[in-house]
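Trainee: What follows is a single structure, and I will ask about it in a moment.
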Amino acid sequence: MPHLPTEYPDFGLTPEQRRHAVYGHYYEYPGMDGERGEIWGYTDRFSYAPGDVVTLFVSSTADRFDMELARDGAELVKVFEKSGLASRWQDTPDQCSVEGCGWQPTFEFAIGADWPSGAYRMTLTAEGRDGQPIVSHHLFIVRPLAGKKTGRILHIAATGSWTAYNTWGGSNHYQGITGPERNQFATRASTQRPWCRGFIMLPEDAPRVPIEVNLPPMTEPRYPHMEWAFATGHSKKYASAGWASYDGLFFKWAERQGYAIDLATQHELHFAPEILQDYDCAVFVGHDEYWTWEMRDAVDDFVERGGRAARFAGNFLWQTRLEDEGRAQICYKYRARAEDPVYRGADTSRTSNAWEAPEVGRPGTSTFGLNAMAGVYAGWGGCIPRGVRGFPIYRPEHWAFRNTGLYYGDVLGQESHIYGYEVDGLDFTMKRGLPYPTGEGNPPEGIQILGLGMASLVEENADVPPGWLNDEDAVFTAETLYGEATPEAMDKVKRGNGMIVNFSKGKGEVFHAGTCEWVAGLLRKDAMVEQVTRNVLDRYLGR
Ligand SMILES: [Fe+2]
């Protein structure tokens with residue numbers, strides 16, 4: 001174990017501010033920086049192919065700005081810049097998070113024919129009213145051109161989760177300023193708005209969600225990442241989604257390791273699923289919570305036909321729908337049974353509820369082997385804050401652990417804290433020291449449980465009061481799976497687990513380390529986590 005502090009970090013907030021940082025609603029909006037002035041930007045799409053034209057929308061208090069574009073891979077490589085572009089302040093509708101900003105186009109440029117697939121960070125700079133620079137960042141993805149890509153990885157960025165957690169404009173799939181009281185989360189999230197602060201880049205000392213504190217007895221739950229977000233002016237959800245916290249860490253690690261890797265978005269899975277068929281290995285990373293039915297069809301078909309899917313990600317929970325050619329993501333979530341029109345239609349399977357809800361009836365297990373509602377929280381708040389930080393390993397002889405030296409019962413990723421903050425699991429039973437699925441939750445035939453840790457869905461303690469997580473998600477899960485949150489149903493759902501699993505399906509194969517935090521092992525250069533990652537990629541690339 002690393003030497004951890006025995007107190008929560010102090011970011012200089014008063015107790016009231018600390019409370020607001022967690023329980024309050026704060027977000028990015030035009031005008032938020034007051035007299036200094038601002039510059040904001042977004043593009044018309046999440047991803048482009050080489051040769052495509054990008055439309056950039058900018059609103060700024062300054063009348064001219066500079067733009068720089070750099071590919072954010074193994075190294076940051078500048079590909080394009082332009083100075084003295086004309087800008088102006090553009091009106092933004094109150095419900096821009098839902099409807100989109102609707103700004104007039106500011107500038108167009110073409111993606112170079114030779115720009116490699118990857119993430120491109122855009123830096124917009126102008127002069128504030130006080131003469132100091134004002135800056136903002138945007139990011140889009142350049143996807144690969146079609147054609148067989150032997151030996152290359154296709155990384156699908158978790159853009160469904162990015163959209164769901166984007167706090168810019170006031171509403172996302174968690175909190176919001178929608179509804180008559182302006183206090184509801186948005187069931188419709190627009191892609192036509194800037195990304196929130198902290199999704200594109202973060203300072204190295206930005207806390208991740210799992211807490212790095214050795215908690216003394218009787219410590220009450222706190223959530224340092226939200227306190228840091230409030231103290232430093234970052235999005236409340238910076239540690240929950242985005243390129244900087246998740247996908248970027250994997251992509252950059254893979255390139256530095258010498259892997260040939262291309263990048264696409266979940267929109268490609270939905271609108272152009274044939275992209276997968278060019279690859280032997282597809283990778284999914286981080287906090288990967290929101291998928292459409294069509295995206296799952298794409299992966300299922302890919303694996304059936306011989307593709308290999310490696311998922312180093314957690315929280316496969318919600319079905320979404322896309323509208324307006326992908327410019328809006330629909331997810332009614334907790335309000336689906338009350339408000340989602342699809343739930344009242346003849347075919348309820350596309351209801352934007354959890355995959356395991358009976359009206360949807362397509363548990364995550366049939367794609368990636370694990371279910372979100374059988375797992376969930378670990379390592380933060382009052383949900384297992386003193387638990388394992390990595391995966392206890394049960395089948396060290398498995399090919400995934402080759403050249404690690406791991407023994408039965410060792411904990412993979414303990415130092416680097418790869419286990420949490422949301423994990424995916426499966427009901428299991430133990431026999432002679434080995435876990436086996438019980439059959440509940442539709443596990444795939446022949447699935448092997450390689451690693452396994454505990455998870456919790458409720459902040460429950462006989463002596464310490466609950467914090468922000470409390471029991472809301474447990475109540476929802478009990479209602480979704482069992483109709484009502486009776487004490488019996490709550491007891492069934494409140495304990496979960498997170499797993500590493502492996503199974504074959506059709507002509508293909510799936511490896512799934514069901515944790516959001518796998519990338520922490522790559523970020524913190526944990527030799528065993530890196531080795532397991534390479535073992536999976538090398539096998540799936542046929543090396
Ligand atoms: Fe989540």
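The values are calculated or read from the model by the stated rules, or taken from the named source; none is laboratory data. Quick caveat: nothing in here was measured; it's all calculated off a predicted structure. Because the Cβ atoms are built from the backbone with ideal geometry, glycine has one as well, and the counts that use them run over all protein chains shown. Each accessible area value is taken on the protein alone, full model and side chains, heavy atoms only, with ligands, DNA and RNA left out. Shrake-Rupley method; radii C 1.70, N 1.55, O 1.52, S 1.80 Å.
Trainee: State the percentage of accessible surface on the range 115-181 attributable to carbon and sulfur atoms; use a 1.4 Å probe and exclude ligands, DNA and RNA.
Mentor: 52
Trainee: Just to check I understand the Karplus step: with θ = phi - 60° and J = 6.51 cos²θ - 1.76 cosθ + 1.60, what whole-Hz values come out for the range 468-476, glycine and proline as x?
Mentor: Computed from phi, the couplings for the range 468-476 are 5, 5, 6, 10, 4, 5, 5, 4, 4 Hz.
Trainee: Then there is this: Within the accessible area of the range 218-314, what % is carbon and sulfur when the probe is 1.4 Å and the other protein chains stay in place?
Mentor: Carbon and sulfur together cover 45 percent of it.
Trainee: Roughly how much of Asp44 is accessible, in Å² to the nearest 10, using a 1.4 Å probe?
Mentor: So the heavy atoms of Asp44 present about 40 Å² to solvent.
Trainee: Continuing with the same structure: First check a/c for the chain, with a ≥ b ≥ c the square roots of the eigenvalues of its C-alpha gyration tensor; if it is under 1.5, answer rounded, and if not, answer prolate when a/b is larger than b/c or oblate otherwise.
Mentor: rounded
Trainee: Greater than 25 Å separation of Cα atoms is the criterion. Which listed pairs, Lys431/Lys507; Lys333/Lys492; Lys148/Lys252; Lys78/Lys252; Lys149/Lys505; Lys149/Lys252, meet it?
Mentor: Violating the 25 Å Cα-Cα cut-off are Lys431/Lys507.
Trainee: OK, next. Roughly how many Å² is the accessible area per residue of the range 351-506, as a whole number, for a 1.4 Å probe?
Mentor: Dividing the accessible area of the range 351-506 by its residue count gives 40 Å².
Trainee: Gap in Å between the Cα centre of the range 478-506 and the Cα centre of the range 1-76?
Mentor: Distance between centres, Cα-based: 35 Å.
Trainee: At 222 nm, what value in deg cm²/dmol follows for the chain if DSSP H runs of at least 4 each add -39500 (n - 2.57) and the sum is divided by all its residues, to the nearest 500?
Mentor: Helix contribution divided over all residues of the chain: -5000 deg cm²/dmol.
Trainee: Let me ask something additional. Show the residues, 5+ positions off or on another chain, whose built amide H is closer than 5 Å to the amide H of Leu434.
Mentor: none
Trainee: Also, quick follow-up: In whole Hz and in residue order, list the ³J(HN,Hα) couplings for the range 48-56 that follow from phi through the Karplus curve 6.51 cos²θ - 1.76 cosθ + 1.60, θ = phi - 60°; x for Gly and Pro.
Mentor: Result, rounded to whole Hz: 9, 8, x, x, 5, 9, 9, 9, 9.
Trainee: Which whole-angstrom value gives the distance between the alpha carbon centres of the range 311-343 and the range 115-180?
Mentor: Cα centroid of the range 311-343 versus Cα centroid of the range 115-180: 20 Å apart.
Trainee: What ranking, highest mean first, results for peptides 239-245, 89-95 when packing means the other Cβ atoms within 10 Å averaged over each residue?
Mentor: For the peptides 239-245, 89-95, the packing ranking is 239-245, 89-95.
Trainee: Of the listed peptides 476-482, 339-345, what is their order by residue-averaged count of other C-beta atoms within 10 Å, with the highest listed first?
Mentor: With the highest mean Cβ count within 10 Å placed first, the list reads 476-482, 339-345.
Trainee: Dipole size in debye (nearest 20) for the chain around its Cα centre, Lys and Arg Cβ +1, Asp and Glu Cβ -1?
Mentor: The calculated dipole for the chain is roughly 1120 debye.
Trainee: Sort Thr515, Thr438, Thr404, Thr150 from largest to smallest accessible area, using a 1.4 Å probe on the heavy atoms of the protein chains.
Mentor: Thr150, Thr438, Thr404, Thr515
Trainee: With a Förster radius of 35 Å, plug the Cβ-Cβ distance of Lys82 and Ala527 into 1/(1 + (r/R0)^6) and report the FRET value to the nearest 0.05.
Mentor: The computed FRET efficiency comes out at 0.25.
Trainee: Taking amide H positions as placed 1.01 Å from N in the peptide plane, with prolines and chain starts having none, which residues 5 or more places from Tyr421, or on another chain, fall under 5 Å of its amide H?
Mentor: Distant-sequence amide H within range of Tyr421: Cys516, Glu517.
Trainee: Relative contact order for the chain: what is it in percent, counting Cα pairs under 8 Å that are at least 6 residues apart?
Mentor: Rounded, it is 14 percent for the chain.
Trainee: Then there's this: Quickly rank 453-464, 289-300, 307-318 as a protection proxy: mean count of other C-beta atoms within 10 Å, highest first.
Mentor: 307-318, 289-300, 453-464
Trainee: Now, a different point. With θ set to phi - 60°, apply the Karplus curve 6.51 cos²θ - 1.76 cosθ + 1.60 along the range 250-266 and write out the HN-Hα couplings as whole Hz, x wherever there is a Gly or Pro.
Mentor: 6, 4, 5, 4, 4, 5, 5, 7, x, 6, 8, 9, 10, 10, 9, 10, 5
Trainee: Between the range 515-543 and the range 239-291, how far is it from one alpha carbon centroid to the other, in angstrom?
Mentor: 14
Trainee: Can you list residues whose amide H is under 5 Å from Ala313's amide H, if they're 5+ apart or on another chain and H is modeled 1.01 Å from N?
Mentor: Gly286, Ala513, Thr515
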